[in-house]
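The values are calculated or read from the model by the stated rules, or taken from the named source; none is laboratory data. These numbers come from a predicted model, not from an experiment. Don't worry about glycine lacking a Cβ; one is built from the backbone with ideal geometry, like all the others, and counts go over all protein chains shown.
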Amino acid sequence: MDSNEPYDVEDEYFDPIPLTDSWGQFLSMRFRKRRGWYEGLGEKEQRLVRKEMKRIEYFREVFQDRKISDSEEDPPLVTKLKAARAEWNRLAFERCGAELSRCKAEENWRSCRILTQVLRREGNGVADDHFSIFTQEDDEKNPIDHSPDGSDYGHNGWLMLFKDGKRGTEMENRHCSGKFPHQKIEIQQLLSKEVDLLRRTENPNDLRYFHLPANNMAWVEVRGVPQHQRCLRAT
């Protein structure tokens, strides 16, 4: 087996319920496939993927120095996680040679390809590659509208739309993502008066359901919501 052979091992597990939103699909695929798949998305889905990745990046920075205790000797949780990951990679590298010889003897070529990649890492692991696929041009072409300074940043609300007593359908709004019954929207956008999702609709037979993932009474300040359309729940 050529030691320079590229890593081309596909996952053996396939989700029996395929992911329907671009965000979940993006996270579930290998790093090397992400850019090509991202470029094939429409602008709305690209914006969703980048927005969620920026949210992760923001919370990583927030938790960077977070500790379990106030002890100066106790390192931050992120530091502990990195140390545990480095130790796991070191042990995997030390055991890799013997495991690779055994897999070759058994002609288990799939495992051989995986172990060959472990040897290449030399126990150092692989740097995170989550954010490197995005460019400044991506943000300039398709800007993201959210505010990390808001207390409700990072929270999504769930929504459903029923028209004329028929089965559920999707709301046609650029801030909404996903498909019925898993459509969602950022809380900041849902409560924005510019988005207007909580205002009166032209069709009185429309039923809209909104679910907020935390107690947030700001929605009652949005004017123009008829009593019969206030099907909104906060938990």
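So, in the stretch 180-231, how many residues would count as being under 26 Å from the mean Cα position of the chain (by Cα), modelled with pLDDT of 70 or more and outside any loop (DSSP other than H, G, I, E, B)?
The total comes to 13.
So that you can scan it fast, the table gives a plain yes or no per residue for (1) farther than 30 Å from Asp139 by Cβ; (2) hydroxyl-bearing (Ser, Thr, Tyr); (3) surrounded by 11 or more Cβ atoms within 10 Å (Cβ to Cβ):
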| position | (1), (2), (3) |
| --- | --- |
| Ser22 | no, yes, yes |
| Phe31 | no, no, yes |
| Ser71 | yes, yes, no |
| Arg90 | yes, no, yes |
| Arg102 | yes, no, yes |
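Across the stretch 71-121, what is the total count of residues that are of a type in the set (S, T, N, Q) and touching a residue at least 24 places away in the same chain (Cβ under 8 Å)?
So the answer is 3.
Which ranges mark the helices (runs of 4 or more DSSP H) fully within the stretch 68-160 that have 3 or more residues being touching a Phe, Trp or Tyr at 6+ places or on another chain (Cβ under 9 Å)?
Ranges flagged: 77-105, 109-121.
Could you go through the stretch 32-40 and let me know if any residue there is within 19 Å of Arg174 (Cα to Cα), assigned to a helix (DSSP H, G or I) and without any contact (Cβ under 8 Å) to a residue 24 or more places away in the chain.
The answer is yes; a qualifying residue exists.
Taking the stretch 146-169 as the search range and keeping residues that are free of Cβ contacts under 8 Å to residues at least 24 places away in the same chain and farther than 20 Å from Pro213 by Cβ, which one is surrounded by the most Cβ atoms within 10 Å (Cβ to Cβ)?
Thr169
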